[in-house]
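Enquirer: Sharing a structure with you now.
The values are calculated or read from the model by the stated rules, or taken from the named source; none is laboratory data. Note that this is a predicted model, so its numbers are computed, not measured. Cβ atoms come from the backbone with ideal geometry, glycine included; neighbour counts cover every protein chain shown. What goes into the accessible areas is simple: the full protein's heavy atoms, side chains included, and nothing from ligands, DNA or RNA. Shrake-Rupley method; radii C 1.70, N 1.55, O 1.52, S 1.80 Å.
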Amino acid sequence: MFKFSDMTELSNAPMSTSLLAKMQEDILTGRLRPGQKIVEQELCKKYGVSRTPIREALRQLEADGLVENILNRGAFVIGMSDQDYEDMFEMRKAYEIQAVKWAIERITEEEMEQLEETFEFMEFYTMRNDIEKMLVINSGFHQVIYQASHNRVLQKQLESFQNLTKYKGSDSVYDENYLATVLEEHRAIFKAFTEKDPREGGLAMEIHMNRSRERRCG
């Protein structure tokens, strides 16, 4: 269940969670370079932890496809290529469209209240011109939809996509119409929920995902 307070700083998260998130960020932003050999002792020193949490994080990063273990050679950073991002955005778009259709059909009253509250936060932070908070709430809006789809496999996959693409375009310069534009895209999605129209929801999500990709990669 998404709540705004859930989107906390890494310092408030358990060590294993915060370490994984930090290592993932360092790979996706290039601080740990593709092709770089992973030396556990160096990572322990870099992150100030013992080998056990490092090994746990590396296992998850390998499962996510960001690290590769090569027999007799060791572990290496893979990272994400431009083609990886292109493919992932296309996959995520298809999954987001399906998620919103199912969510409109399956959403509970409590989840609808969450979605409405999250959208109201989007309106508030747009009015405040607070891009940082808006980006957090944007992710939360999508997470409510994933939850409301009531499909655990789809939800897990979309959360993974969202996590792996969140740093793409993070250094973008946002124009003065950015917040208002994003708000209106989400308003169209939210309107489809209020009208219980899966088809319109899918169309609105497709438009939003296409424009989001242009903003990040264009």
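Enquirer: So which residues in the stretch 26-36 are under 12 Å from Ile78 (Cβ atoms) and outside any helix (DSSP H, G or I)? Reasoning before the result, please.
Expert: First, the residues of the stretch 26-36 that are under 12 Å from Ile78 (Cβ atoms): 27-28, 32-36.
Correct list: Leu32, Arg33, Pro34, Gly35, Gln36.
Enquirer: Another one. All but one of (1) within 26 Å of Asp82 (Cα to Cα); (2) at pLDDT 95 or above hold for Tyr174; state the number of the condition that does not hold.
Expert: (2)
Enquirer: Also, quick follow-up: Could you tell me which residue of the stretch 47-97 is nearest to Gln36 (Cα to Cα), considering only residues that are open to solvent by 60 Å² or more (accessible area, probe 1.4 Å), of a type in the set (A, V, I, L, M, F, W, C) and not in a helix (DSSP H, G or I)?
Expert: Ile78
Enquirer: A further question follows. So which residues in the stretch 33-60 are out of contact with any Gly (no Cβ under 8 Å at 6 or more places or on another chain) and touching a residue at least 40 places away in the same chain (Cβ under 8 Å)?
Expert: Gly35, Gln36, Glu56, Ala57, Gln60, listed by residue number.
Enquirer: Looking at the stretch 114-133, I want the residues that are closer than 17 Å to Arg187 by Cβ and have a partner that is open to solvent by less than 80 Å² (accessible area, probe 1.4 Å) and β-branched (Val, Ile, Thr) with Cβ atoms under 7 Å, at least 6 apart or on another chain. Which pairs are those?
Expert: Gln114/Val144; Leu115/Val144; Thr118/Ile137; Thr118/Val144; Phe121/Ile137; Met122/Ile137; Tyr125/Ile137
Enquirer: Might you check whether a residue that is in a loop (DSSP other than H, G, I, E, B) and under 13 Å from the mean Cα position of the chain (by Cα) occurs anywhere in the stretch 143-166?
Expert: Yes: one or more hits.
Enquirer: In this structure, is Glu25 closer than 21 Å to Leu164 by Cα, surrounded by fewer than 17 Cβ atoms within 10 Å (Cβ to Cβ) and in contact with a Lys or Arg (Cβ under 9 Å, 6 or more places away or on another chain)? Lay out the reasoning, then the answer.
Expert: Values: closer than 21 Å to Leu164 by Cα: yes; surrounded by fewer than 17 Cβ atoms within 10 Å (Cβ to Cβ): yes; in contact with a Lys or Arg (Cβ under 9 Å, 6 or more places away or on another chain): yes.
Here the answer is yes, as Glu25 does meet what is asked.
Enquirer: Here's a follow-up. Evaluate the stretch 102-119: report whether one residue or more is of a type in the set (Phe, Trp, Tyr) and either over 30 Å from Asp82 (Cα atoms) or not in a helix (DSSP H, G or I) (or both).
Expert: Yes, some residue in the stretch 102-119 is of a type in the set (Phe, Trp, Tyr) and either over 30 Å from Asp82 (Cα atoms) or not in a helix (DSSP H, G or I) (or both).
Enquirer: While we're on this one: Considering the stretch 175-215 alone, what residues qualify as being more than 16 Å from Glu111 (Cα to Cα) and either among the acidic types (Asp, Glu) or not in a helix (DSSP H, G or I) (or both)?
Expert: Hits for the stretch 175-215 are Asp175, Glu176, Asn177, Glu184, Glu185, Asp197, Glu200, Glu206, Glu214.
Enquirer: Determine the pairs where a residue that is within 18 Å of Glu40 (Cα to Cα), located within the stretch 61-83, has a partner that is open to solvent by 40 Å² or more (accessible area, probe 1.4 Å) and among the basic types (Lys, Arg) with Cβ atoms under 6 Å apart, the partner being 6 or more residues away or on another chain.
Expert: Sorted first by the residue in the stretch 61-83, then by its partner, the pairs are Gly74/Lys37; Phe76/Lys37.
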